[in-house]
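The structure appears right after this line, and notes come after that.
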Amino acid sequence: MRRIFCVAAVALAGFVVLNCDTSTPAPVFNLDAALPDTFVPVDDGGQQVSQDAGDGGTKTTFGCATVTDCETLITTPENCVTATDCVGGQCVYVAKDSDGDGHKIAGCKDTVSGTAFDGDDCDDVDPLVFPGAACSKDATGKPIVFPTGSPQGTCKAGTVSCASGQPVCAGYVLPIAKDDCATPADENCDGVVNDACPCSIQGATRPCGIDTGECVAGVETCDTTKGWGGCTAVGPKPRNCGAAKGQDFDCNGQADTAESSCLCGGKVVVGGTAKCDSGQLGICAAGTQTCTVNSADTSTAVFGACNANNVAGAADCNSALDNNCDGVSDELGATCPGNPCGGPKVNIKTGQIVQRQAVAAKQKFANGMWGCGGSNTYDNRTLACRGNDSQFVSCGALQWTKDNLGKSPTYNYWVTDQLKYAASTVGTDFRCSVSSNTGVDCGASTPMRVCVDTPDASCTLPGCNGPTSTDPLGNSCNWSGCGLDSANVNNHFGGCGGNTTAATLCCPYIIF
């Protein structure tokens, strides 16, 4: 067997590439002792084997067809190198990176040839330890800990390097227990220079105050006998709700006038207005209040007095408003005789009528007839007509049929007549009529009266009465839809026994 010696002349980046040159004389060495018994040479043009040239970066090896043909080297440290490829019939060896930190193991050698494989990681077990990495432990093996988690002030983390094949941490500076007050530095590395120190350099200055809002930053000076003092900064000052727009006297980054304590009701700025109740009646009730600076505490704002938007004027008898601010709609007022509605307010000690009482429930018909809401008994029905004012009386049944303008009643109304009823049945329709002269007497205190209609789906003819109804004021009628002196029309009469209250139809008192 012919054996050709090749010199591996180049070693780069932790691996060896072998180049054969038959013109170079090979050194004498015992190759047979280095070859495995099972080795089968490959006919690769005479480049089956090569040997170490003694330059520290080459290795005697064999030619190869695949990486499995490459021998396993005996190394120190053990298994620190691997054959990673068979390139051009040559075995390529690379130092291992067992901990995966991107740095190959340092000091890896072939024990047979003495070949060294490039690598700089003297700790190939811990992936956090490699040359250039930040130190995690000091020279004694104790963890390096900084007060804020990272080096501040004079502290330094240091970096890992290798010395005598071992990782060492160099360049780290640890914190001391307390800042050296004689130096303007942060030796305890807590992020604050000379914290807890009285000043120690006479005349030294440092910044003070802030440049926010109306505040202006300044400097304070060191007096070795008293400490820091004499800050030249301006502000902050108490919040001023009367400040100009945008001014920030308390220097918190928000304009004083926008602070919640300077907003009346949480949203109205100083000078702004809001609706309010003046405490008066009618059109004088609505008012306006202005947000002002609190004179007792200028850092807060308060609403001023509520001023009525309108002043009381003369009553307008054609208006539902209360223009004279007496608490009664003008058309219901004592000075407007055209509207009869309104009961009295009586002094319970003397029995004297002292004030008209407003009646909001009312309905207007023709010729001065009004339906005046209330829940009066028949005997007290005229109290709704201006409190028994002599100018108004309870209307009669006939006047209702003439002057109701074809309107349906909004409420149940007493009329002055003692109306009786008569009932009849036409087919399935139950029909009724009322009369002052004939019929069934309902009783002196519960005669028939005008009632709110409640349609009955079973009724097919005019005058068919509906079921029991109740008006918005709670007044009830047993029947409805009865005609006056006829069962063939619906004049909206109904009621009868058990129905004790109703509103009243009021009409002007006319003397003939």
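Going by what's in this entry, would Thr504 be described as under 19 Å from Cys341 (Cβ atoms), touching a Lys or Arg at 6+ places or on another chain (Cβ under 7 Å), of a type in the set (Ser, Thr, Tyr) and at pLDDT 90 or above? So that I can check it myself, show each step before the final result.
Numbers: under 19 Å from Cys341 (Cβ atoms): yes; touching a Lys or Arg at 6+ places or on another chain (Cβ under 7 Å): yes; of a type in the set (Ser, Thr, Tyr): yes; at pLDDT 90 or above: yes.
Judged against the criteria, Thr504 is a match.
In the condition set (1) closer than 30 Å to Thr154 by Cα; (2) without any contact (Cβ under 8 Å) to a residue 40 or more places away in the chain; (3) of a type in the set (Val, Ile, Thr), Val193 is compliant with all but (2).
The single condition among (1) surrounded by 14 or more Cβ atoms within 10 Å (Cβ to Cβ); (2) at pLDDT 90 or above that Pro340 does not meet is (2).
Looking at Cys264, Cys241, Cys284, just one residue is over 30 Å from Ala312 (Cα atoms) and either crowded, with 16+ Cβ neighbours inside 10 Å or in contact (Cβ under 8 Å) with a residue 40 or more places away in the chain (or both), and that residue is Cys241. The one condition from (1) within 40 Å of the chain's Cα centre (by Cα); (2) in a loop (DSSP other than H, G, I, E, B) that Pro207 does not meet is (2).
Looking at this structure, is Gly227 exposed (fewer than 14 other Cβ atoms within 10 Å of the Cβ), free of Cβ contacts under 8 Å to residues at least 60 places away in the same chain and within 30 Å of Thr140 (Cα to Cα)?
Working: exposed (fewer than 14 other Cβ atoms within 10 Å of the Cβ): yes; free of Cβ contacts under 8 Å to residues at least 60 places away in the same chain: yes; within 30 Å of Thr140 (Cα to Cα): no.
Against the criterion (exposed (fewer than 14 other Cβ atoms within 10 Å of the Cβ), free of Cβ contacts under 8 Å to residues at least 60 places away in the same chain and within 30 Å of Thr140 (Cα to Cα)), Gly227 does not qualify.
Looking at region 471-486 only, could you name the residues that are touching a residue at least 40 places away in the same chain (Cβ under 8 Å) and surrounded by fewer than 24 Cβ atoms within 10 Å (Cβ to Cβ)?
Going through region 471-486, the residues touching a residue at least 40 places away in the same chain (Cβ under 8 Å) turn out to be 471-477, 479, 481-486.
The answer is Asp471, Pro472, Leu473, Gly474, Ser476, Trp479, Gly483, Leu484, Asp485, Ser486.
The listed residues are Asp456, Asp429, and the only one of them that is at pLDDT below 85, touching a Phe, Trp or Tyr at 6+ places or on another chain (Cβ under 9 Å) and more than 22 Å from Gln399 (Cα to Cα) turns out to be Asp456. Taking the conditions (1) of a type in the set (S, T, N, Q); (2) in a loop (DSSP other than H, G, I, E, B); (3) crowded, with 16+ Cβ neighbours inside 10 Å in turn, Gln202 satisfies each one other than (3).
Pick out the one residue from Asp403, Asp379, Asp417 that is surrounded by 19 or more Cβ atoms within 10 Å (Cβ to Cβ), farther than 24 Å from Leu321 by Cα and modelled with pLDDT of 80 or more. Before the answer, list the steps.
Values: Asp403 fails: surrounded by 19 or more Cβ atoms within 10 Å (Cβ to Cβ); Asp379 fails: surrounded by 19 or more Cβ atoms within 10 Å (Cβ to Cβ).
One residue alone meets the criteria, Asp417.
Quick check on region 210-222: of everything there that is modelled with pLDDT of 90 or more and more than 42 Å from the chain's Cα centre (by Cα), which residue is surrounded by the most Cβ atoms within 10 Å (Cβ to Cβ)? Taking the candidates together, the pick is Glu220. Does Ala133 satisfy being hydrophobic (A, V, I, L, M, F, W, C) and crowded, with 18+ Cβ neighbours inside 10 Å? Answer is yes for this residue.
The values are calculated or read from the model by the stated rules, or taken from the named source; none is laboratory data. Note that the structure is a prediction, hence the values are computed from the model and not measured. Note that we place each Cβ from the backbone using ideal geometry, even for glycine, and neighbour counts take in every protein chain shown.
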